[in-house]
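Report on the structure given below.
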Amino acid sequence: SNSLASQYCQQELAYARRYHKRIIPLLVQSMDVATLPADLRMVQFIDFSFLASEIHFDGAMDELIRSLRQSEAYVELHKRLLVKALAWERQGRDRKFLLRVDDFTVAQDWLSTSGPVDSEPTDLHTAFIQASQGINQFYDAFISYGRVDSKEFATDLCQQLTRQGFHIWFDQNDIPLGVDFQEQINDGIEKSHNFIFIISPHAVNSPYCAKEIALALKYNKRIIPILQVEEISYSTWKARNPGAGPDHWQTYKAKGKHSSFPNIHPGISKINWIYARDGIDDLTAAVSGLVELFYRHEDYVHQHTELLLSALTWERHQSQTSYLLMGEERLRAQNWLLTKFTAEQPPCTPSLVQATFITESIKASDGGMTQVFISYAQEDLAVKEIVRYHLLQSGVTVWTNTVDIRMGEDFEVAIQRGIEEADNIVYLVSQASLASDYCQMEIDQALDLHKRVIPMLLEEIDVSFLPDTIRKIQFINLADNQATLDLKQDLAELLRSIRREAFYYSQHKQLLVRALKWERQKQNPSLLLQRQMQETYLAWAQTAKNRAVNGVLPLQLAFLEASQMQSPDQTLGVFFIHHIDDVDFSRRLNETLLVQGKSCWLSPDGAAGEMERWADTQQLMDNAENVLFVLSPSSVRCQACLEQLAYAQTQQKRILPVVYRNVVRSTLPEEIESLPWSDFRRHGKDFLVNFGELFRTLESDPYHVRSHTRLLVKAAEWDGARQDDSFLLRGSDLADSEGWLQQATDKVPPVTDLQKAYIKASRALPFKKIRVRSMALVTVASALAVSVLRLFGGLQILETQAYDQFLRWRPDDAEQDERLLIVTVDSASGEWLREQMINNRYQPGIGTIPDNALSEAIRVLNRHDARLIGLDFFRDFPAQGALGNDLVQTDNLFGICQTASTQVGNIGSEIPEARIGFANFPQDGSKTIRRHSLAEPVLVDDGACMSRSSFSWLLAATYLEAENITADIVFDRDDAGEYIQSVALGNMELPILYGNGTAYHTETGQSTWKNLASREWSNLGDAQTLLNFRTYNDPNTQEQIGARLKDFAQRVSLESVIKDKVEPALIRDRIVLIGYTDFSDRNSDDFNTPYGDSVPGVYLHGQMISQLINAVLEERPLMRWWPFMGEAGWILLWSGVGGVIFWQLVRPVPVMVAAIGSIGLLTIACYGFMVGPVIWVPWVPALAGWGITGSAVGYMTYRLRKG
């Protein structure tokens, strides 16, 4: 039970099963077999759990030993071959680890032998032995010899080499009966790493040996000549030709057939020989030298043979592309072709068929694009072949019309394609090429495409026939060659020219080819470059713009611009995970997918190159609808490939493994082994048939896959942006995504947790709210901003207008003020006075009431016991006669003056200063009166008015003194000067309006900031309070404008007073104010009020007096207001209300209802304060705070919900 529970034991057991190890379970503890894993229940146990005696133990041990010895040899080979196979696999399938000769034979026998059921060969065993079979078809050497002279030597040599482990082709052993022996010989030469030619007179003169040598030279085999017989003697010849005479011998000698030297093949004569002459040379040393030569450059020579065999197979199958090298094999062949031996002679050189085969493989891996297009005339075909062969041997891919025009393809179209897909145009310049229309067409097209043209001059010509652009280019001159060395030097210069700036011209070609495809496919968006490729080609284009020749084309720039304009989150059809060894197959697959309109990402550097830009790679993978994992021995060993695969699996991408090379399943990660493969080895490796099956898979369930990719990309962006709501789904996009989620339950790829969370968050977005902290901060900021704005008078005009409206909404007072009587100098009284002056009853005055008339009026009022008389008009000239005495001696008579005015220098000079008050009204805009000025803190020395008290205050204070109520104005002084500290009537201190944070900022409403030693924040000039108007609705009044305000007290005309027609009760013990109300008289004054326009000043004085007296005697409230902090708190409260409404409610109708309701509640509250305790509570600032906070919270919520 312990081993079954052990994680390590289970891992060991799984590893053993993976490699088909023979598992022998030992039961050491009794248990229910049903609790065992299913695979262990079927295995025969050896029971060690019941050990009552040594006999039981010995019996169990015997059974264990028998099990171990059963098929012991088979299991041993299983182990040995597995170890070698794992080493071969882990070393990248290096051919050095493969089995050879006898080891291979033993392995083949083992593979065909039946073993224990649980120890069958793994697929790794099979792959390893099959790979070994591939190299065991080759021979280490082919022995070519003349039987007459060298059969015994050749036989002995073959035996010695075989004993040393070499695989030798020898005609005595390797030509079966009943077959074409020449084909067998040719096959042996092709498959042999080394060609041993035993030099003897018979071999040198043998036509069969000559054929063998010719084939070895054709294939550039490593040829090892061994001199065994220099010449034969007459006696030897005679023994072979007993019927011939001396004359025949002489003829034989004359032909050189008796010696190895006269007729020896030139290809053999220039090679260093091994000497193994009988009786002269040390044969053992010769064999040792031969063996040493076998091992010298062994890997290079073996690759030569393998590539030759592959090249011949390709050639014999009509050069079909399916036989070309791909991936790792192509890269290895390419490296072999480019191997240079600088310090010594090469053991062998690539043949034409090998060079062609390898470069065609390179060309196929590059989608048919080449490094060189050769433009030539037919007359120069021989030179073209020399140039082509030299380029092919140097690993340069070449386009020529003899090889690269496809069957049935239009000739001119093929040439155009060849030029477009080439880095360089090698132009063989001759008289014939200059006369060739095709050559001129090819060069013109190359120049139009900004291709690099490399001219090679084959003969002297008239250069004037060349295009100007070509004439400016440095020629490679073959016309002046005198020796073979000159040609080699010219060809080397050609190679240097091709390799100079090769990367630049390769990028030029690749970008041009893709741009042309894009243009010809009506700007197919799937062909546009992805971001990483854009960066590469934009850098190239920047360099190309600065070049005078071979620069960037407008088409290339347009293609790059279109690529840059792609949406960054645009999805890909396919993302390739591949090893660099598989780039050829991947590239071909990529190109075919592009033709089908699938946008793809294929890294030219393989998965390892992607890891350098891992963040970008993840983004591309997220954007891909499908991930193709190119399955090969290289990719399953590649850590970068496996990491990309693991990321794709974590993102729940649809992963499609594509296999085109044999892979060992036991070496695969479990996550790949369980996926369905697309096998390109099927259908005879027909690429297009297999591609069709893959494409149908890619196109299956497109809506699900594309939606999965789209939502994965969006969800990843949302998650990467710390779940920023601006990335969430909305509207129809959200509806589509929710529909997709409902039907994606059992589909592949499955829905990820991130996608579910993303859709859930999107669903909740319309109901999402900003954080409470954010709402609170906005509320405080709004309230603070509004309060500061008030502090600087920014809302004064709006606030006073709202104030006026609330005043007008107030109900009228129930009774008139019976302490005041207004005597009006109205138009009727004025007309009557004028009539009396005409009748000489009164002496005419200058612009005011005649002295006698005023004197009569004062006496009538006093006769009826008026408590106080106030004259609310200015006199132009000093009084004369009785009036002068009345003004001075009437103690209850009060007059007015105007502060800071020099209108009339001697105004009020008859009335003592103690009974004179200033008549100034603090006016708002448009002469509107809302405030009541009580006293001035500072007297103006040169002014005509020397009173500190206002006219209304003076009358009210005098009236209240008679009621034993004192009036007190307290003055104080500091560094800034004298100021009014307080104003009180009895025990009631009047609220003083300083403008410190209230609606009133300045006297005029204009910003005149003044700081008086921190006493006030703005200067209102004097001691002011708000005017709590008294209104009364008199049904008998005839006036419309301001009637409610004027009817606050009884009013009579001056004419009726002089005529003594006023009831005494209206005068007795009242304050009587006399003033002009006739606006046609120049002595009249008029002001605006919250209740209407054109209100004479006498009524306003009466209102002010009335509010002061009634505040003390009737406890009628004065208009008050909250301190700055109180009003700021009120603004904060309603700012919060606005914020809560727009934060809490989602749908428009509830928001609108709540908004209207809250504004109504604010209005009612402000109105209630105005009517009840008579407090002016800020309505406009509270509404502004409500609106600003609500708007800000609403906007933030909108941004949160709408992104």
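The figures follow:
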quantity: Vicinal HN-Hα couplings computed from phi for region 1142-1147 (Karplus, 6.51 cos²θ - 1.76 cosθ + 1.60; Hz; Gly/Pro x); calculated: 6, 8, 7, 8, 10, 7
quantity: Using distinct alpha-carbon pairs, which all enter the 1/r mean, Kirkwood radius of the chain in Å; calculated: 43.2
quantity: In order through region 1109-1119: 3J(HN,Hα) via Karplus (6.51 cos²θ - 1.76 cosθ + 1.60), integer Hz, x for Gly, Pro; calculated: 5, 6, 5, 8, 8, 10, 6, 6, x, 7, 5
quantity: For I274, residues with placed amide H under 5 Å, excluding near neighbours; calculated: I226, L227
quantity: Extended-chain gain in nm, criterion 0.36 nm per residue less alpha-carbon gap, M407 and S464; calculated: 16.8 nm
quantity: Cα long-axis angle, helix 147-163 against the chain (0 to 90 degrees, to the nearest 10); calculated: 50
quantity: Distant-in-sequence amide H partners of S982 (H built 1.01 Å from N, under 5 Å); calculated: V970
quantity: Principal axis dimensions, region 345-491 - Cα atoms, whole angstrom, descending; calculated: 46, 41, 25
quantity: For region 569-698: relative contact order, % (alpha-carbon pairs under 8 angstrom, 6 or more apart); calculated: 24
quantity: P(r) tail fraction, region 73-133 - alpha-carbon pairs more than 17 Å apart, %; calculated: 29
quantity: Acute angle (nearest 10 degrees) that the helix 101-111 long axis makes with the longest principal axis of the chain, alpha-carbon atoms; calculated: 70
quantity: Most to least packed among 1025-1034, 405-414 [average Cβ atoms within 10 Å]; calculated: 1025-1034, 405-414
quantity: Amide H contacts under 5 Å for F918, placed H, 5+ residues apart; calculated: C897, S949, S950, F951
quantity: The chain: relative contact order in percent, alpha carbon pairs under 8 Å with at least 6 residues between; calculated: 7
quantity: Computed over region 137-296: relative contact order in percent, which uses C-alpha pairs under 8 Å that are six or more apart; calculated: 24
quantity: Those lysines that a straight Cα-Cα span of less than 17 Å connects to K384, excepting residues fewer than 8 apart in one chain; calculated: K488
quantity: Lysines with Cα under 25 Å of K769, excluding same-chain neighbours fewer than 8 positions away; calculated: K714, K756, K760, K1202
quantity: At R0 = 60 Å, FRET efficiency that the Cβ-Cβ distance of F475 and R696 yields, to 0.05; calculated: 0.65
quantity: For region 530-535, 3J(HN,Hα) per residue [Karplus equation, 6.51 cos²θ - 1.76 cosθ + 1.60, θ = phi - 60°, Hz, x = Gly/Pro]; calculated: 7, 4, 5, 5, 4, 4
quantity: Cα gyration tensor of region 277-414 - equivalent ellipsoid semi-axes, whole Å, descending; calculated: 37, 17, 14
quantity: Straight-distance crosslink candidates among lysines, where the alpha carbon sits under 18 Å from K253 and sequence neighbours closer than 8 are dropped; calculated: K238
quantity: Among beta bridges that DSSP assigns inside the chain, antiparallel share in %, nearest 5; calculated: 25
quantity: Cβ-based net charge around W249, under 15 Å, with every Lys or Arg adding one and every Asp or Glu removing one; calculated: +3
quantity: For the chain, calculated [θ]222 nm from helices alone, where every DSSP H run of n ≥ 4 adds -39500 (n - 2.57); calculated: -15000 deg cm²/dmol
quantity: Point-to-point label distance, N987-S67, nm (Cα→Cβ direction, 7 Å offset); calculated: 11.4
quantity: F503 versus L557: modelled label distance in nm, points set 7 Å from Cα along the beta carbon direction; calculated: 2.5
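None of the figures in this text is laboratory data; all of them are computed from the coordinates on show. Just so it is clear, the model here is predicted, and its values are computed rather than measured. Counting neighbours? That spans all protein chains shown, and the Cβs are built from the backbone with ideal geometry, glycine included.
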